[in-house]
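Read the structure below first, then the notes.
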Amino acid sequence: MPITYEDFEKVEIRVGKIVKTESFLKARKPAYKLWIDFGDLGVKKSSAQITKLYQPEDLINKSILAVTNFPPRQIADFMSEVLVLGVVLDDGEVVLIQPDREVDLGKRVL
């Protein structure tokens, strides 16, 4: 179903940098807890099922893209505030989407 450009503008996709990671042991599927710095928007939390392709220590300081204006979602004992974006591969694994150069944190994707 086609959407309008005005529909797309409602989705705030912003650049963030992962500053902290933890294994999310209470998640139903293997996942990490992520803390992501979005500059002026502050540090937001997210849960991501990316444990097969990424190690927690490799995610620190990685730039990512995330939807920042979805309502927060409770996942087990963790409140996920943003949706980290990735490409789903044929085997179901997710590859994170990131800018190809350094940009200011919190910048919006259009």
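The helix-based estimate of mean residue ellipticity at 222 nm for the chain, built from -39,500 (n - 2.57) per DSSP H run of four or more residues and divided by its residue count, is -1500 deg cm²/dmol to the nearest 500. Listed by chain and number, the aspartates and glutamates placed with their C-alpha closer than 15 angstrom to that of Lys17 are Asp37, Asp40, Glu57, Asp58, Glu81, Asp100, Glu102, Asp104; residues fewer than eight positions away on the same chain are left out. Overall, the accessible surface of the chain at a probe of 1.4 angstrom is composed of carbon and sulfur to the extent of 52 percent. Look at the alpha carbon pairs under 8 Å that are at least 6 residues apart: their mean separation over the length of the chain gives a relative contact order of 31 percent. Sparse packing (at most 16 other Cβ atoms within 10 Å of the Cβ) combined with a DSSP loop state is found for the following trypsin sites (Lys or Arg not before Pro) in the stretch 1-54: Lys10, Lys26, Arg28, Lys52. Between Lys45 and Val103, the FRET efficiency estimated from the beta carbon spacing at R0 = 30 angstrom works out to 0.90.
In terms of the Cα gyration tensor, with a ≥ b ≥ c the square roots of its eigenvalues, is the stretch 1-50 rounded because a/c is under 1.5, prolate because a/b exceeds b/c, or oblate? Note, shape of the stretch 1-50 comes out oblate. Each residue of the stretch 100-110 was assigned a 3J(HN,Hα) from its phi angle through the Karplus expression (A = 6.51, B = -1.76, C = 1.60, θ = phi - 60°), giving 8, 7, 5, 9, 4, 5, x, 4, 8, 8, 10 Hz with x at Gly and Pro.
The values are calculated or read from the model by the stated rules, or taken from the named source; none is laboratory data. Predicted, not measured: the structure shown is a model, and the values here were computed from it. Reconstructed Cβ throughout: ideal geometry from the backbone, glycine too, with neighbour counts over all protein chains shown. Note: accessible area is taken over every heavy atom of the protein model, side chains too, but ligands, DNA and RNA are not part of it. Shrake-Rupley method; radii C 1.70, N 1.55, O 1.52, S 1.80 Å.
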